Amino acid sequence: MCSASIEGPKSCTKAELPGAIAVVDEALRPGTEQTMLTDYPLIYRDENLSNVQILKVDDQVVSVVPFIPRPVMIEGCHFTIGIISPTATAPDHRRKGYGLRCLNRCLKLMEQAGVELSVLWTDVETFPFYEHADYQALRSQGFVYQCRNQDADLFADHGEEIVLRDPNSRDYLEEIRTMHEQEISGVVREPDEYGYLFALPEMKTLIAQRDGRPVAYLLVSEAVNKPGLIEGGGDQRGLESLFRYTLSQLPPGEEVTAYSYHCATVLGDLLQEKLADRCRPIDDNMMVRINDVPGFLARIAPWIEQTNTGRTGAFSVGLTDTGQTISFEFSADGLRIADRQLEPHTELTRQELTSVVFGPHPQRPTTISGPLAALFPFYFPIWILDRS
């Protein structure tokens, strides 16, 4: 019997893309009318295909792991994340290491491109798979509020005209972009990405107009991968009118989830004002891998220095699995991050460091304490729409 011919991991070509989409659709979209090709359009654009890693057996795509690099800006810090998008292996080819090989190839490409962090969302049951590549599950990264039809009365109608945006047009995109960027904290969207993101399947964008001028927007989604009231912005009074309208359209007894983050937004402030008793931590099972530990810590050094104003002293951390040493030296001149071993010195793994920096997941608690733990946790939001 001839052995199977294995090709890859390798970057997906345009000709191979239908085979890759078939694999992920079979695993993650069975019984729905949605497809990954249109659910995650930024991932599968021609310019990102080099980051879609596939493995083929006997000339058939059997495993797919894609990522997309995204710039992040928060509190004066800039860094790049690589978002791992929906990942799948054909049923007959699972537990052979194909998915992990594709994932490791993605990490190699991120390293070459200088992507400091990698981020993904998954189920608790699949934590062990990603832990093989040094990902670590983190604490809740936001909040959810369950809303019902009768909650419409909690939100005032401020008299704006409510308009449904045509997703096949360019209407209102510039206004939405302006409103979003007034409070941007997280992924920085390129101007041309708005046309893709606000035309995703099973979503609609409502616009509040005052005196013929758009003043707020609300994205309402029935998509299986992003259900709920997933984004809004602009004038809070206009957004409140949009909430009242949207909730009033719900059938009695039906609930819809609204999302918020650990940073101030117009949407989050409105939800907390009206539905504070409904606020719950989001159970999103975000996992992070710090690809470049010294590079990432240097990127967020301004935040570390600002949040630890007045601190003095020095210490170092050694990473047992990478052989790296990172030193933190606080003085009247500020913070210096270098690679010297100092006292006190703590040894830990990359995954343990990830838990310290971002906060541990309940399923992956950490007992690390001391001067390093006192500096963190650090937080940056990834809006639901930017997980595309």
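Computed from the coordinates by the stated procedures, all read-outs in this text should not be read as laboratory data. Worth saying up front: this structure is predicted, and the values here are computed from it rather than measured. Methodologically, a virtual Cβ is constructed for each residue, glycine included, from the backbone with ideal geometry; neighbour enumeration extends over all protein chains shown.
At-a-glance table
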{"quantity": "Kirkwood Rh and Cα Rg combined as Rg/Rh, the range 6-115", "calculated": "1.00"}
{"quantity": "Viscosity 1.002 mPa s, 20 °C: Kirkwood-radius Stokes-Einstein D of the range 132-221 over Cα pairs, µm²/s", "calculated": "136 µm²/s"}
{"quantity": "Ordering of 55-68, 269-282, 12-25 by burial proxy (mean other Cβ atoms within 10 Å per residue, highest first)", "calculated": "55-68, 12-25, 269-282"}
{"quantity": "Packing-based ranking, highest mean first, of 295-307, 123-135 given that Cβ atoms within 10 Å are counted", "calculated": "295-307, 123-135"}
{"quantity": "The chain, helix-only ellipticity at 222 nm - DSSP H runs n ≥ 4, -39,500 (n - 2.57), divided by all residues, nearest 500", "calculated": "-7000 deg cm²/dmol"}
{"quantity": "Sequence ranges 238-248, 161-171, ranked by mean other-Cβ count within 10 angstrom, highest first", "calculated": "238-248, 161-171"}
{"quantity": "Debye log10 I(q)/I(0) at q = 0.07, 0.13, 0.14 Å⁻¹ for the chain, Cα point scatterers", "calculated": "-0.36, -1.15, -1.27"}
{"quantity": "Part-to-part distance (alpha-carbon centres) for the range 164-208 and the range 231-302, which is given in Å", "calculated": "16 Å"}
{"quantity": "Loop sites in the range 300-348: trypsin sites (Lys or Arg not before Pro), DSSP, at most 16 other Cβ within 10 Å", "calculated": "Arg311, Arg340"}
{"quantity": "Per principal axis, descending, Cα span of the range 143-281 in whole Å", "calculated": "37, 32, 27"}
{"quantity": "q = 0.12, 0.20 Å⁻¹: log10 I(q)/I(0) that the Debye formula gives for the range 45-187, counting C-alpha atoms only", "calculated": "-0.75, -1.26"}
{"quantity": "Calculated P(r) tail over 28 Å for the range 230-388, as whole % of Cα pairs", "calculated": "39 percent"}
